Amino acid sequence: MSWYLLGVAGLFEIAWAIGLEYSEGLTRPLPTAATVVALVISMVLLAKAVESLPVGTAYAVWTGIGAVGTAVLGIVLFDESGDPVRVAFIALIVVGIVGLNLSSGGY
């Protein structure tokens, strides 16, 4: 169950990171509120996951999910670079996340 909570926490991390762009420096009230809500949910779920997962593993996976998701959405939504070298390094983060999951008894 903790791995599922961690996965959802990672999705909310993506949401708040993308929300930062839409909030335009936290100056737009609705996107700012959504960003803060996503941040709080992400942190609460991470805290629940850490109750039974090693903190280092959980934090690495959480940030990895956030980094990969935010980078991919940056390419899709904000026309950020999707050059093959960048995508390859993003893929390496995914490999790390999967490796940590498998080596920790994962799902």
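Readers should treat all values here as calculations from the given coordinates under stated rules, not as data from a laboratory. These numbers come from a predicted model, not from an experiment. Glycine also receives a Cβ, built like all others from the backbone with ideal geometry; neighbour counts cover every protein chain displayed.
For residue 32, are the conditions met, namely being in a loop (DSSP other than H, G, I, E, B), over 16 Å from the mean Cα position of the chain (by Cα), free of Cβ contacts under 8 Å to residues at least 40 places away in the same chain and surrounded by fewer than 19 Cβ atoms within 10 Å (Cβ to Cβ)?
Spelling it out, it is not the case that residue 32 is in a loop (DSSP other than H, G, I, E, B), over 16 Å from the mean Cα position of the chain (by Cα), free of Cβ contacts under 8 Å to residues at least 40 places away in the same chain and surrounded by fewer than 19 Cβ atoms within 10 Å (Cβ to Cβ).
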Residue tally, condition without any contact (Cβ under 8 Å) to a residue 40 or more places away in the chain, surrounded by 13 or more Cβ atoms within 10 Å (Cβ to Cβ) and not small (Gly, Ala, Ser), over segment 51-85: 5
Options 59, 22: the member that is hydroxyl-bearing (Ser, Thr, Tyr) and out of contact with any Ser or Thr (no Cβ under 8 Å at 6 or more places or on another chain): 59
